[in-house]
Amino acid sequence: MMKTNLPMQLRSFHVYQAVGTLLAVLLVQVGCTETARPVSTKEAYSLSSQQRAALRDELKSGNAEAGLTLGHYWFLSEGNRGCAAYWYRKAADLGHVEAKRTLPIVDDGSQRRESDCM
């Protein structure tokens with residue numbers, strides 16, 4: 001497992017989402033839907049500019065998962081296929097399997113620069 005210097009909330013980005021989804025399902029199962037608030041995809045994948053910069057730095061250090069997270073942010077939160085493809089491509093170049101599978105789905109053929117996608 002690769003060591004990372006990301007803050008705990010970024011390292012656990014996907015874990016928090018999975019736990020939140022599981023909690024929502026459990027609340028529905030036991031009839032507590034009035035206390036569960038649905039979370040939009042945009043809200044679930046929201047990242048501040050500082051968080052995006054930290055992920056970019058991690059990606060440059062060889063952490064492909066950081067590129068996948070940036071790709072998810074741009075595609076699922078911002079709806080920007082070109083920037084999503086840029087970051088998925090960076091992660092795929094580092095060998096990330098999910099990024100390799102996702103890239104052809106979101107790639108709109110536009111050529112983006114890093115400065116366009118921060």
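All of the numbers you see were taken from the coordinates with simple rules; none came from a lab. Just so it is clear, the structure is predicted and the values come from calculations on it, not from any experiment. Counting neighbours? That spans all protein chains shown, and the Cβs are built from the backbone with ideal geometry, glycine included.
Annotations for the structure displayed:
- Residue-wise HN-Hα couplings along the range 95-110, as the Karplus relation 6.51 cos²θ - 1.76 cosθ + 1.60 with θ = phi - 60° gives them from phi, are x, 6, 5, 4, 5, 4, 6, 7, 3, x, 6, 9, 5, 9, x, 7 Hz; Gly and Pro carry x.
- Relative contact order (percent, whole number), the range 42-117, Cα cutoff 8 Å, 6+ residue spacing: 28 percent
- Highest mean packing first, where packing is the average number of other Cβ atoms within 10 Å per residue, the peptides 50-59, 84-93 line up as 84-93, 50-59.
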